[in-house]
Amino acid sequence: MINDSAAAIFNLQPDQVLGRTLSESIRNSALQEFVRKALSSTGVVEEEIIVRTSDERVYQVHGSTLADTTNDGLGAVIVMNDVTRLRQLERIRRDFVSNVSHELRTPITSVKGFVETLIDTAPEDPEEVNRFLHIIEKHANQLSTLIDDLLVLSHIEQGDLNIDELIEKGAVDPVLVEAVEACDHIADARGVRMKIIGNSSSEPRLNPALLQQAVVNLLGNAIKYSEPEGIVELTVTDTDDTVTISVTDHGRGIDPQHLPRLFERFYRVDKARSRELGGTGLGLAIVKHIAELHGGRVEVQSQIGVGSTFSIYIPAQ
Ligand code: ADP
């Protein structure tokens, strides 16, 4: 006998299995082997079994024998728990730890290498010393940005932010002006001009500091991936139910194959180039989280050689 939930796992109806053996009803050799083991053991047996129907799911399966009052065996009861999501989360966490370690190791190896060279072979030429110190500074800055980004992410993800306390009705325009000001120096350094287009009269529920951080991340990317002397547009539009904040650049654009994964942590189109530009691969993951925290979402449209537009949509009330 199987109950409705178990029948659903195997795409069956509960009454289809009555009067039939297990192997006639369910073609899963791991499960058949498991049931054989459960029937022949005295205690509880446990195992993980993969079931493939339309997709692949992982079940933690417990089995124990049933006996009547005279201790005659009646069979076994098998309980299956779907642990697919749990296993996925464990894998994501393992990948994350390994990515973070890798990202930290790259700049640290470099800092160590240059410091050791300075100690061992102290170059005579002050210019050479200066060059080494600048390389060390660059990698130290990269470490510090990475740790800042990780802290922002973990702060947002921990759920230690109480959304209702955190967001309240406020104007969008001042957030945009401050985001542009915060990016002024990097835009100047690359000779890129930023322009705010439109204004918003809505008062959505928002957290100014977090929304500013999201816009700064988008502007920072747009500036980094623009050609020198390029223009970056920050556009805001209101509709009855949504405020849209878009950042458009006229840079190199992104190949469509990368777009679905762009907002994943540490996903980068060109790792070496991102590092060279001081990127951490976390910027867009932070933008996505912040948009979601506001009850909104983020989208990207891009065309190679034409440029990219990243848009944050947040509910207008
Ligand atoms: P990073 O710190 O590397 O910029 P992000 O999470 O901000 O990390 O972005 C992930 C990747 O998306 C970048 O490495 C880059 O390849 C691509 N990307 C982001 N914004 C743009 C853009 N405006 N133009 C082209 N590519 C971009």
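The values are calculated or read from the model by the stated rules, or taken from the named source; none is laboratory data. Small disclaimer: the values here were computed from a predicted structure and weren't measured. No Cβ is skipped: glycine too gets one built from the backbone with ideal geometry, and neighbour counts run over all protein chains shown.
Could you count how many residues in region 252-287 are without any contact (Cβ under 8 Å) to a residue 60 or more places away in the chain and either outside the structural domain of PRO228 (by TED's automatic domain parsing) or crowded, with 21+ Cβ neighbours inside 10 Å (or both)?
Quick first cut of region 252-287, residues without any contact (Cβ under 8 Å) to a residue 60 or more places away in the chain only: 252-264, 267-274, 276-277, 279.
Checking the rest, the ones that are also either outside the structural domain of PRO228 (by TED's automatic domain parsing) or crowded, with 21+ Cβ neighbours inside 10 Å (or both) come to 279.
Result for region 252-287: 1.
How do the helices (runs of 4 or more DSSP H) wholly within region 160-248 filter down when requiring 3 or more residues that are surrounded by 15 or more Cβ atoms within 10 Å (Cβ to Cβ): which remain? Please lay out each step first, then the result.
On the way: elements: 163-166, 173-190, 208-224.
Passing ranges, in order: 173-190, 208-224.
Filter region 24-62 down to the residues that are within 20 Å of GLN88 (Cβ to Cβ) and among the hydroxyl-bearing types (Ser, Thr, Tyr) and list them by number.
Passing the criteria: THR53, SER54, TYR59.
Can you tell me which of THR65, THR53, THR70 is farther than 30 Å from PHE266 by Cα, more than 33 Å from the chain's Cα centre (by Cα) and surrounded by fewer than 13 Cβ atoms within 10 Å (Cβ to Cβ)? Write out each step before concluding.
Values: THR65 fails: surrounded by fewer than 13 Cβ atoms within 10 Å (Cβ to Cβ); THR53 fails: more than 33 Å from the chain's Cα centre (by Cα).
Only one candidate passes the filter, namely THR70.
Identify, please: which residue in region 76-105 is closer than 15 Å to VAL58 by Cα and part of a helix (DSSP H, G or I) and is, among those, farthest from the chain's Cα centre (by Cα)?
THR84
Hey, does region 32-50 have a residue that's over 16 Å from SER5 (Cα atoms), small (Gly, Ala, Ser) and within 39 Å of the chain's Cα centre (by Cα)?
No, region 32-50 has no match at all.
Condition test on GLY307, is it buried (at least 19 other Cβ atoms within 10 Å of the Cβ), on the phi > 0 side of the Ramachandran plot and near the ligand (Cβ under 8 Å from one of its atoms)?
Values: buried (at least 19 other Cβ atoms within 10 Å of the Cβ): yes; on the phi > 0 side of the Ramachandran plot: yes; near the ligand (Cβ under 8 Å from one of its atoms): yes.
Answer is yes for this residue.
Here's a check for you: in region 120-132, which residue that is touching a helix residue (DSSP H, G or I) at 6+ places or on another chain (Cβ under 8 Å) and assigned to a helix (DSSP H, G or I) is nearest to ARG275 (Cα to Cα)? Walk me through how you get there before you give the answer.
Initially, region 120-132 is screened for residues touching a helix residue (DSSP H, G or I) at 6+ places or on another chain (Cβ under 8 Å), giving 122-123, 129, 132.
Retained after the next criterion (residues that are assigned to a helix (DSSP H, G or I)): 129, 132.
Values: VAL129: 23, PHE132: 18 Å.
Applying the filter and picking the extreme gives PHE132.
Among the candidates LEU277, LEU284, single out the residue that is over 22 Å from SER200 (Cα atoms) and modelled with pLDDT of 95 or more. Quick ask: steps written out before the conclusion?
Working: LEU277 fails: modelled with pLDDT of 95 or more.
Only one candidate passes the filter, namely LEU284.
Give the residue, chosen from SER23, SER64, SER5, SER54, that is in a strand (DSSP E or B) and not β-branched (Val, Ile, Thr). It would help to see each step written out before you state the result.
Details: SER23 fails: in a strand (DSSP E or B); SER5 fails: in a strand (DSSP E or B); SER54 fails: in a strand (DSSP E or B).
Among SER23, SER64, SER5, SER54, only SER64 is in a strand (DSSP E or B) and not β-branched (Val, Ile, Thr).
Only residues that are among the charged types (D, E, K, R), within 16 Å of the ligand (Cβ to nearest atom) and in contact with a strand residue (DSSP E or B) (Cβ under 6 Å, 6 or more places away or on another chain): list them for region 196-250, please.
Matches in region 196-250: GLU233, ASP249.
Answer with yes or no whether GLU264 is of a type in the set (D, E, K, R), under 16 Å from ASN217 (Cβ atoms) and away from the ligand (no atom under 11 Å from the Cβ).
Working: of a type in the set (D, E, K, R): yes; under 16 Å from ASN217 (Cβ atoms): yes; away from the ligand (no atom under 11 Å from the Cβ): no.
For GLU264, the condition - of a type in the set (D, E, K, R), under 16 Å from ASN217 (Cβ atoms) and away from the ligand (no atom under 11 Å from the Cβ) - is not met.
Answer yes or no as to whether VAL298 is assigned to a strand (DSSP E or B), buried (at least 16 other Cβ atoms within 10 Å of the Cβ) and either outside the structural domain of HIS155 (by TED's automatic domain parsing) or in contact (Cβ under 8 Å) with a residue 12 or more places away in the chain (or both).
Working: assigned to a strand (DSSP E or B): yes; buried (at least 16 other Cβ atoms within 10 Å of the Cβ): yes; either outside the structural domain of HIS155 (by TED's automatic domain parsing) or in contact (Cβ under 8 Å) with a residue 12 or more places away in the chain (or both): yes.
Yes.
Can we say ARG275 is out of contact with any strand residue (DSSP E or B) (no Cβ under 8 Å at 6 or more places or on another chain), more than 7 Å from the ligand (Cβ to nearest atom) and not in a helix (DSSP H, G or I)?
Criteria not met by ARG275.
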